[in-house]
Amino acid sequence: MSLRVKKASKAGVWNSENISEFDGATFADRLRSLIGEGSANAFAKECGIGGTSVRQYLSGGVPGLDKVIQIARAKNVRVEWLATGEGPRDIQPEYAISSGGTKEEHMGPALRQGAILDEASEDAIALPRLTIEGSAGHGLIPTREEIEDYLSVSRRYLREVGINPSYAHVLRLSGHSMAPTLLDKDLVIVDTSQNRVRDEEIYALAYGDAVLVKRLQPQLDGGMKIISDNKGGHYSDAYLPASDRHQLRVVGRVGGFLRYI
C-alpha cells in the first residue's frame with residue numbers, strides 16, 4: 001500500500017510513481033548512504049523490515065510510503081529527503097515560525113490548554129491515556145493500542161473545547177511539525193466521536209500502522225490537504241487524492257492538550 005502525495009515545488013510534483021528518482025538521485029542511492037559500510041541485513045534488522053525488501057530497494061524497487069516512514073524514523077532522517085532527495089537530510093529538533101503573516105495565518109484555529117486535576121476534585125473525569133503515540137512529524141509505528149493509565153481532567157474544560165468526555169482519549173505527541181500549536185511530548189485530547197473533517201481542525205489520523213496528528217483541509221476535488229503548522233521547520237504539507245482517501249482513517253478531532261512544565 002502506498003500513499004500518493006503531491007508536493008508543489010520548483011522541481012515539480014512527486015508521487016509514488018516517481019518516488020525512486022528525484023533531483024538526479026535515486027531512492028537506492030539515498031538508501032546506500034544510510035547503510036554506509038554496514039550490511040543490508042543489519043540495516044533491515046535495525047529498521048524492522050525484511051532483508052529481501054531492502055535488497056529490492058537497492059536494486060531499484062520502489063517502497064510504499066509506510067516503509068519510507070519506517071526507515072526514516074529508524075535512521076532519524078526526514079521522510080521527504082528519503083523519498084525525494086529534496087531538502088535537508090536530518091531531522092532538525094528546532095522549530096520556528098516563518099517570517100511574515102499573522103499568527104493565525106501560520107497556525108490556523110488555536111487550541112486551548114487544559115490542566116491535570118487532583119482525582120478528588122468534583123469536576124474531574126478520568127481519561128484513558130493510550131500506549132500509542134501520535135506523531136507531529138513523519139509517523140510512528142505503534143505495536144499495540146492499550147490503556148497505559150488515566151489522567152484526571154476538568155469536565156468543564158472538556159465542554160468548553162467541545163469534547164465529549166465519553167469519547168475522549170489521550171495520546172502523547174512526538175515531533176515538532178505542529179509547533180508552536182502543539183509541542184513534542186504534549187498530551188493531546190482526542191474526541192473519537194468527531195471523525196468528520198471540518199476545515200483546518202486538527203485530527204489524529206491512522207495510515208496503515210502509522211499514527212499522525214495533523215491539520216486537515218478538504219479540497220474541492222475531493223482530496224485532502226494534510227497540513228503541518230510549523231512552516232519554518234522544513235515540514236511540508238501533503239495532498240491526498242480523493243481516490244486514496246480510503247487509505248487514511250480519521251480517528252478523531254484533537255480538541256485540546258495538556259502540557260507538563
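The values are calculated or read from the model by the stated rules, or taken from the named source; none is laboratory data. Nothing here was measured: the structure is a model prediction, and the numbers come from that model. For neighbour counting, all protein chains shown are included, and Cβ atoms are generated from backbone atoms with ideal geometry for every residue, glycine included. Remember, those area values only see protein heavy atoms, side chains included, never the ligands or the DNA or RNA. Shrake-Rupley method; radii C 1.70, N 1.55, O 1.52, S 1.80 Å.
Here H176 sits with roughly 40 square angstrom of accessible surface, probe radius 1.4 Å.
Expected output is a single nm value to one decimal: the length gained when fully extending between S121 and S193, i.e. 0.36 nm times separation in residues minus the C-alpha distance. What is it? Numbers along the way, then the final one.
On the way: separation 72, 0.36 × 72 = 25.92 nm, distance 2.57 nm.
Extra length available between S121 and S193 comes to 23.4 nm.
Take every Cα pair under 8 Å whose residues are at least 6 apart in sequence, average their separation, divide by the length of the stretch 213-261, and the relative contact order is 26 percent. Counting heavy atoms of the protein chains alone, R155 has an accessible area of about 100 Å² for a 1.4 Å probe.
When all protein chains stay in place and ligands, DNA and RNA are ignored, the 1.4 Å accessible-area order of Y203, Y260, Y239, largest first, is Y260, Y239, Y203. Just check the stretch 49-92 against the gyration tensor rule for me: Cα atoms, a ≥ b ≥ c as the square roots of the eigenvalues, rounded for a/c under 1.5, and otherwise prolate or oblate depending on whether a/b exceeds b/c. It comes out prolate by the Cα gyration axes.
Here the stretch 140-261 is assigned +1 on the Cβ of each Lys and Arg and -1 on the Cβ of each Asp and Glu. Its dipole about the Cα centre then comes out at about 260 debye.
Compute the signed sum of charges (Lys and Arg +1, Asp and Glu -1) over the other residues within less than 11 Å, Cβ to Cβ, of V54. Write out the running numbers ahead of the final one.
On the way: positive: R32, K45, R55, K67; negative: E46.
Here the charged neighbours net out to +3.
For the residue pairs K67/K214; K75/K185; K45/K225, alpha carbon separations beyond 22 Å are given by K45/K225. Solvent-accessible surface of the stretch 199-261, taken per residue with a 1.4 Å probe and all protein chains present: 40 Å².
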